[in-house]
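Single-structure report; data block below.
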Amino acid sequence: MQHKYHCVLTALPTLLPAIASAQQAQRPNIMLIVVDDMGYSDLGCFGGEIESPNLDALAASGMRFTQFYNSGRSCPSRAQLMTGRYAQTVGITGMGQSLTRDCVTIPEVLRDAGYHTGMSGKWHLSLTKGIGNNEDQMKWLSHQSYFNNRPFAPIETYPCNRGFDQHWGTIWGVTDHFDPFSLVHNEDPIFTDSISNDFYYADFVADKAIDMMNEMTANGDPFFMYVAFQEPHWPLHAKPQDIAKYKGKFDDGWDAMRERRYNRLLELGLISPDEMPIATNASGRKWENETNKAFQSANMEVHAAMIDCVDQNIGRIINELKRRGIFDSTLIIFTSDNGASSENYGIGSFDRHDRTRNGQMVVHNSPTPGDQLTYNYLHTGWAGAVNTPYRYWKTTQFHGGTAAPTIVHWPAGMAKEKKGTIMNQPCTFLDVMPTCLELAGASYPSFYGGNSIKPLCNEARSFVSLLQNKDSWDDERTLYWEHENGKAIRKGNWRLTALANGGWQLFDLAHDLSETNNLAAEYPEKVREMKTLWNTWAKSVGLNVPGDITETKTELIFHYPFDGNLNDESPSNYVLTPSGNGVAYGTGKLGKALHLNGNAQYVDLNTNGIFNTQTTQSTFCAWIYDENTSAPNASNQTENGVYIRDEIIFAQKDNEGTGRIYLYARAEAPTGGGTPSFFYNSFLGGSQHRATIGSLKPGTWQHVAIVCNPVDQSITYYIDGERDCTLSIGAFEACTGGFRIGGHKTGKSYFKGYIDDAWFFKGVLSAEQIRQIRDNTFDPTPYYGGNSSDTDWPLKDHAYTIRNFSGTPAYMVDNVESDNRIACEGSVGDAAYWTFVPTTNAQCYYVRNVLTGRYIQGYTKTSGTVVNMGSDGVEYYVSSQTNEGGRYGFVCTSITPHDFSSGTIGLNLRGESNQANCYVQTYAAAAGTNHRSFWTLDEAPDDIITKITRHIVSPDEDSFIINSKSSNRKWYDLLGRPINGRRSMNHRQVIIDNGKLRIMN
Ligand SMILES: [Ca+2]
Ligand SMILES: [Ca+2]
């Protein structure tokens, strides 16, 4: 049976009296026209040079949507377009997969609502499975064998079985435009014996759309038509007469195009310079350096010809609508499934044919692209230009991948004042389904074709109100993207975006729609908020979201003033060892400075294991005076046509020969002459990451900071206290070695000049803190680490917080008021302080004085270590256990009285005094037998909480018992409600406040 569900429709007419009423006459035809891999500004009406008079005319009497989002690639875009659901929830988790049956397509719903439904063109929502043998695969792709009429994909997933009365087009996602593979009429392959010489896919798609209108308009019912052109998707194939129009048109290259289009977009009012800084071409390729300009221009000419041909064919379709008198009453939505493509794959594999039907072999990346014997791509240079004003391209979730130039045309239904206007409200492919539902007066089914249907995506909404001038749009909705590890989330004017395997980057779209200025370092809370939203969404659509790297609490590692010595002014007291060539001191920025002569002079910090670069955020800053003021020359190293000179300022030592170069000064001068560049650089994440050219100014003091953030996979430079740039980089390398100032490995890249006032922290310092260091007004004491031995931490009359810094099972104990305190007051004397010890770096516990904001940082100790904790000489016994369902905990108590059994697992905070002992303890249920009751609270009021016990049943399920002196044992859930059993833990912080359990989000 060709139309699996058509029987449902034929039974329906008698069931549809309401739809057949007066309203039906007003229901518009809906024509959805989609092009494939078109650049954002390719069309004339979007700032391009390509002739598109028919689409320009639609724009002139319709509306242009400037922020209409697709999903960055064919399959996910088409899935969202057809279903109004995120692709990940309808089976399209990658490429070449089938739509599931727990969703409905627009034609399925509209057909049931009395619409005719037709499609011509590319589908790409069916499982595309290869034969498994490359030679057979090539024969199959090139029509040399049909392999016993092997289906191109599961037949039941073809468009004709997903709601379309008729489909003329291709099942796969990429084909020869002159002889498409997987071309079908409904279920049947066509042109199996031969194909005409003048066949071109875009012409065929328009022909069939025009033909289908005969049947679809016959009885006066409205139609839904999906016209899906495969152009201008690679291979770059076009008709010679169309290519001829563009001969030589792009010889000035992609840099000129980018500027020209940007200016044209401004002129057209599609962008404003306040909102859209000029973004550089993401390819990084300069046209002037391109060695084969003729080849590159020729590719662009074919790309333009393909779009030109699509426009001509849209003109033919429009003429047909006019001829039938239904042009004004038909809602036309024109859009693109993703941005232009930077791809350049080999051919002769899977979906890239290497021969024609008659066996002629195809030339990959031909110097003269366009005809059927060639297989060419646009490449990164042009892709970066045709997507002007945006950055990046197809497959990424940046605007260059996901912003679809969209035109909506509907004279009969749009408000008159909307004609020719530009709409800047963000819309998405998810909105097309609800828009069609509204126009068709149809409702979204909960049951269809024998299957329960998942609800429409929460974020999807009809944009009919935008066409009709109704003031009912909320632009604060949150939209999400994911494709092959590329990620994005937009909330209001904030967009958080990550390239595949790159870190999150934050953009303020109100001033930066082109996504050029990563603000992640300036708005860490916004990053955190949006990242959490994205993670929650990603899990909700079934994505595997690896746990984020835990954010690192700020802790001072070292501070070297270099005032004539190598003393560490921090409590860490890390010893510096000078190189064999010694070191000198000179006049510094603050007192004296380290003076290195560039001849194998450096200093080493040989302590290993301070942290692991891969997982620890860190900040290094220092005053730098580079004495190498001249440009490098022939006596220096040569690299890619430039002389280079590197001078390492700060590096981590892994072992000799490798190392993580945090910060170095680099100078480059073109070997052929030209302007030299001086800038700071870093080699974390496996490659160079440059600060702005010119950021290094030799021969003068500069305050330089670098913030290394493996959580967001970014580094941020601050020069003289101002943020220079934030760069998204690859995953950080694992490294736990010591450090070197002034060099990294033997025999090269030594620093020549002065280094003064070097600070190094775990954690991310804010711009303000970096400026305080620059201005010598920074108070480091709150950031002293576990080695602290000289700081006074008075406990009396202060409140304390204990929590698990990692954010996983976390606890806070507040000493809030004198009669509601949990612990500590007067326990070990006013001058005492406590230290709590984490068992791993990733599970860092600390004690914070709530009133002063100061932290007492724990540090790693092996089980059973005795640490002298207090200035009064009280000793505490510290032990740790690690076997609690993969979680870590620690126990800290005083030696006398020593109440703990070594079997206790978890966190135990205990206050000690002659009068009041109280504590919070967590322990594993399984280990509960080892638990002892051992505290007293003789003088505490009755309502004080004396004990909280957390029962861990599984990593995600547990509850608390709260004991009070008067009421014995009570169970509470994490919202503080009394309960009778266990409840989910959800990894939130818990605090005890005024005898109540409070939950911190
Ligand atoms: Ca595409
Ligand atoms: Ca100094």
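Taking segment 656-678 as the search range and keeping residues that are farther than 25 Å from Thr746 by Cβ and not hydroxyl-bearing (Ser, Thr, Tyr), which one is nearest to the chain's Cα centre (by Cα)?
Out of the qualifying residues, it is Phe678.
Before we move on, is Leu506 at pLDDT 95 or above and assigned to a strand (DSSP E or B)?
Criteria met by Leu506.
Given (1) buried (at least 24 other Cβ atoms within 10 Å of the Cβ); (2) over 19 Å from Ser349 (Cα atoms); (3) not small (Gly, Ala, Ser), identify the lone condition not met by Pro180.
Of (1) buried (at least 24 other Cβ atoms within 10 Å of the Cβ); (2) over 19 Å from Ser349 (Cα atoms); (3) not small (Gly, Ala, Ser), only one is false for Pro180: (2).
Only one of Phe204, Phe178 is touching a residue at least 12 places away in the same chain (Cβ under 8 Å) and more than 20 Å from Arg352 (Cβ to Cβ); which?
From the options Phe204, Phe178, the qualifying one is Phe204.
So how many residues does segment 322-350 have that are in contact with a helix residue (DSSP H, G or I) (Cβ under 7 Å, 6 or more places away or on another chain) and within 14 Å of ligand 1 (Cβ to nearest atom)?
So the answer is 6.
Filtering segment 596-622 down to residues that are buried (at least 21 other Cβ atoms within 10 Å of the Cβ) and either within 12 Å of ligand 2 (Cβ to nearest atom) or among the aliphatic types (A, V, I, L, M) (or both), which residue is farthest from Lys752 (Cα to Cα)?
Among those residues, the one meeting the criterion is Ile610.
Can you give me the number of residues within segment 253-279 that are in contact (Cβ under 8 Å) with a residue 12 or more places away in the chain and assigned to a loop (DSSP other than H, G, I, E, B)?
Result for segment 253-279: 9.
For segment 359-417, give me the residue count where each residue is touching a residue at least 12 places away in the same chain (Cβ under 8 Å) and either among the charged types (D, E, K, R) or under 25 Å from His511 (Cα atoms) (or both).
Qualifying residue count, segment 359-417: 27.
Tally the residues that are out of contact with any strand residue (DSSP E or B) (no Cβ under 6 Å at 6 or more places or on another chain) and either within 16 Å of ligand 2 (Cβ to nearest atom) or β-branched (Val, Ile, Thr) (or both), restricting the search to segment 720-758.
Summing the residues that are out of contact with any strand residue (DSSP E or B) (no Cβ under 6 Å at 6 or more places or on another chain) and either within 16 Å of ligand 2 (Cβ to nearest atom) or β-branched (Val, Ile, Thr) (or both) in segment 720-758 gives 2.
Return the residue satisfying two criteria in turn: it lies in segment 580-595 and is surrounded by 18 or more Cβ atoms within 10 Å (Cβ to Cβ) and part of a loop (DSSP other than H, G, I, E, B), and of such residues it is nearest to ligand 1 (Cβ to nearest atom). Working first, answer last.
Residues of segment 580-595 surrounded by 18 or more Cβ atoms within 10 Å (Cβ to Cβ): 583, 588-589, 592-595.
Pick out the ones that are also part of a loop (DSSP other than H, G, I, E, B) and you get 583, 588-589.
On the way: Val583: 59, Gly588: 58, Lys589: 55 Å.
It comes out as Lys589.
Which of the residues belonging to segment 488-503 are crowded, with 22+ Cβ neighbours inside 10 Å and part of a strand (DSSP E or B)?
Residues satisfying the conditions are Ala488, Ile489, Arg490, Arg495, Leu496, Thr497, Ala498.
Being on the phi > 0 side of the Ramachandran plot, not in a helix (DSSP H, G or I) and not hydroxyl-bearing (Ser, Thr, Tyr) narrows it down to one of Gly114, Gly94, Gly48, Gly118, so name that one.
That would be Gly114, the only listed residue that is on the phi > 0 side of the Ramachandran plot, not in a helix (DSSP H, G or I) and not hydroxyl-bearing (Ser, Thr, Tyr).
Tell me yes or no: at least one residue of segment 78-85 is hydroxyl-bearing (Ser, Thr, Tyr), surrounded by 22 or more Cβ atoms within 10 Å (Cβ to Cβ) and within 15 Å of ligand 1 (Cβ to nearest atom). Even if it seems obvious, please write down each step before you answer.
Kept after step one, since they are hydroxyl-bearing (Ser, Thr, Tyr), are these residues of segment 78-85: 83.
Those left that are additionally surrounded by 22 or more Cβ atoms within 10 Å (Cβ to Cβ): 83.
Cutting the leftovers down to within 15 Å of ligand 1 (Cβ to nearest atom) gives us none.
No - not one qualifying residue is present in segment 78-85.
Which one of these is among the polar types (S, T, N, Q), closer than 22 Å to Ala600 by Cα and within 30 Å of the chain's Cα centre (by Cα): Ser682, Ser687?
After applying the criteria, what remains is Ser682.
Looking only at segment 442-459, which residues are closer than 16 Å to Gly84 by Cα and either in contact with a strand residue (DSSP E or B) (Cβ under 7 Å, 6 or more places away or on another chain) or outside any strand (DSSP E or B) (or both)?
Passing the criteria: Ala442, Ser443, Tyr444, Pro445, Ser446, Ile453, Lys454, Pro455, Leu456, Cys457, Asn458, Glu459.
Find all pairs meeting these conditions: Cβ atoms under 8 angstrom apart; at least six residues apart or on different chains; first residue within segment 82-94 and of a type in the set (Phe, Trp, Tyr); second residue assigned to a loop (DSSP other than H, G, I, E, B).
Tyr86/Cys457; Tyr86/Val541
Consider only pairs whose beta carbons are under 7 Å apart and that are at least six residues apart or on different chains; among these, list those whose first residue lies in segment 442-468 and is of a type in the set (Phe, Trp, Tyr) and whose second residue is at pLDDT 95 or above and part of a strand (DSSP E or B).
If the second residue must be at pLDDT 95 or above and part of a strand (DSSP E or B), the pairs left are Phe463/Cys427.
The values are calculated or read from the model by the stated rules, or taken from the named source; none is laboratory data. Source: prediction; values computed, not measured. Note: ideal-geometry Cβ built from the backbone for every residue, glycine included; neighbour counts use all protein chains shown.
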